[in-house]
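Participant: Mind looking over this structure? Questions follow.
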Amino acid sequence: MRDLPELSRLVGIVTAESEARHQSALERIDLAESVVAELHNLGDRLVGYFVEQARAEGHSWSDIGAHLGVSRQAAQQRYTPRWSSLTLADLADAGSFTRLTPRTKEALRRAEDHVRRLRHASLGPEHLLLAVLDDADTFAVKALAADGVDLTGLREALQRLVPAGEEPSPATIPVGAPTRRALEAALGQALELGHNYIGTEHLLLGLVADRQSQVGRLLADRGLTLDKVRGSVRALIDAYLQARR
C-alpha cells in the first residue's frame, strides 16, 4: 500500500521529536516504543472500524466467523478487543449511530466529557448513566422518576462507584466492551418496543438489561427490571402522543 508511511518517515518523526526534547540515543528508543504503541492502537482501531461497519450493515458475528472460516465465538474473541478500541467518533463514521436521536447523541457526548472529568481510560456504562441523568427532560429520567428512583441518591451512589483516576484520559477515548453491550441492548429494546429510533429511554433499558455491569446491578438494587422500566417508558410515550393529538 503506497500511502503507508515509510520507515524513513517514522524515523524522521522520532528524530525530530527527540531533538526537540534534547534526548539521548537511548531515550530515542523509548520514544520509538511509544510511537509503535500508538501505531498498534491505530491498527486495532482500523480493523475494529471495518468490523463495526460490517455489523452496522447487518452482518452478524456468525457471518464474520464464516467469512474467516472460524466459529462465531472465535470471531468475537479475535475481534472484540479491536472492536472495543473504537471511539464515539469512529462509531459514528462507521454508520452505527444512524438510529440515535439528537438527544441521545448529545448524551453520548456528555458521557465522553464525564470520562475526561473523572480521568478514566475508557467510556463505561457509568459515564453513560451520568450523562443520561444530566438531562431531566428526557423519557429516561422521567421513567426513573416514575419508577420511584431517588435521582439525587442514584447519582451520588454512581459517583461513589466510579472515583476519579490519577492519570489524564487518553487523547482518543475508546468505548469499552460493557458500553458496547449496553448500546446493542438499547437497539434490541427499541426494536422490541417497535421503535425505529434509539432514544435515551432505550439507553436506560440497555443499561438495566446488562446485569454483568456495576451499573446494571446498581439499577437492579433500586428495584428496576426490564419489564418495570419498559412499562414506564410505554406509558410516558403514550401520554406524550396523546398530548400531541
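The values are calculated or read from the model by the stated rules, or taken from the named source; none is laboratory data. These numbers come from a predicted model, not from an experiment. Ideal geometry is used to build each Cβ from the backbone, glycine not excepted, and the neighbour counts take in all protein chains shown. Please note that ligands, DNA and RNA were not included when accessible areas were found on the heavy atoms of the full protein model with its side chains. Shrake-Rupley method; radii C 1.70, N 1.55, O 1.52, S 1.80 Å.
Participant: Cβ-Cβ distance below 7 Å, separation of 6 or more or different chains: which pairs start in the stretch 69-96 with a residue that is under 24 Å from A111 (Cα atoms) and end on one that is aromatic (F, W, Y) and buried (at least 16 other Cβ atoms within 10 Å of the Cβ)?
Facilitator: The qualifying pairs are L86/Y49; D90/Y49; L91/F97; A94/Y49.
Participant: State which residue is most open to solvent (accessible area, probe 1.4 Å) when the search covers only the stretch 120-167 and only residues that are closer than 19 Å to T225 by Cβ and in a loop (DSSP other than H, G, I, E, B).
Facilitator: D150
Participant: Show the residue pairs meeting these rules: Cβ distance below 9 Å; 6+ apart or different chains; first residue within the stretch 207-228 and surrounded by 15 or more Cβ atoms within 10 Å (Cβ to Cβ); second residue basic (K, R) and assigned to a helix (DSSP H, G or I).
Facilitator: V208/K228; V208/R230; A209/R181; D210/R181; S213/R181
Participant: Taking the stretch 78-95 as the region of interest, how many residues are within 11 Å of the chain's Cα centre (by Cα) and either open to solvent by 80 Å² or more (accessible area, probe 1.4 Å) or at pLDDT below 80 (or both)?
Facilitator: Residues in the stretch 78-95 being within 11 Å of the chain's Cα centre (by Cα) and either open to solvent by 80 Å² or more (accessible area, probe 1.4 Å) or at pLDDT below 80 (or both): 2 in total.
Participant: Another question, then. So which residues in the stretch 208-230 are assigned to a helix (DSSP H, G or I) and closer than 15 Å to V149 by Cα, if there are any at all?
Facilitator: Scanning the stretch 208-230 gives V208, V215, G216, R217, L218, L219, A220, D221, L226, K228, V229, R230.
Participant: If you don't mind, another one. Spot the failing condition for R117; the list is (1) surrounded by 15 or more Cβ atoms within 10 Å (Cβ to Cβ); (2) over 29 Å from Y240 (Cα atoms), and only one is missed.
Facilitator: Evaluating R117 over (1) surrounded by 15 or more Cβ atoms within 10 Å (Cβ to Cβ); (2) over 29 Å from Y240 (Cα atoms) leaves (1) as the failure.
Participant: Within the stretch 57-72, which residues are touching a Gly at 6+ places or on another chain (Cβ under 8 Å) and at pLDDT 85 or above?
Facilitator: Narrowing the stretch 57-72 to residues touching a Gly at 6+ places or on another chain (Cβ under 8 Å): 57, 71-72.
Across the stretch 57-72, the qualifying residues are S71, R72.
Participant: Working only within the stretch 38-69, note down all residues that are aliphatic (A, V, I, L, M) and either open to solvent by 60 Å² or more (accessible area, probe 1.4 Å) or in contact with a helix residue (DSSP H, G or I) (Cβ under 7 Å, 6 or more places away or on another chain) (or both).
Facilitator: Those that are aliphatic (A, V, I, L, M) and either open to solvent by 60 Å² or more (accessible area, probe 1.4 Å) or in contact with a helix residue (DSSP H, G or I) (Cβ under 7 Å, 6 or more places away or on another chain) (or both): L39, L42, L46, V47, V51, A54, I64, A66, L68.
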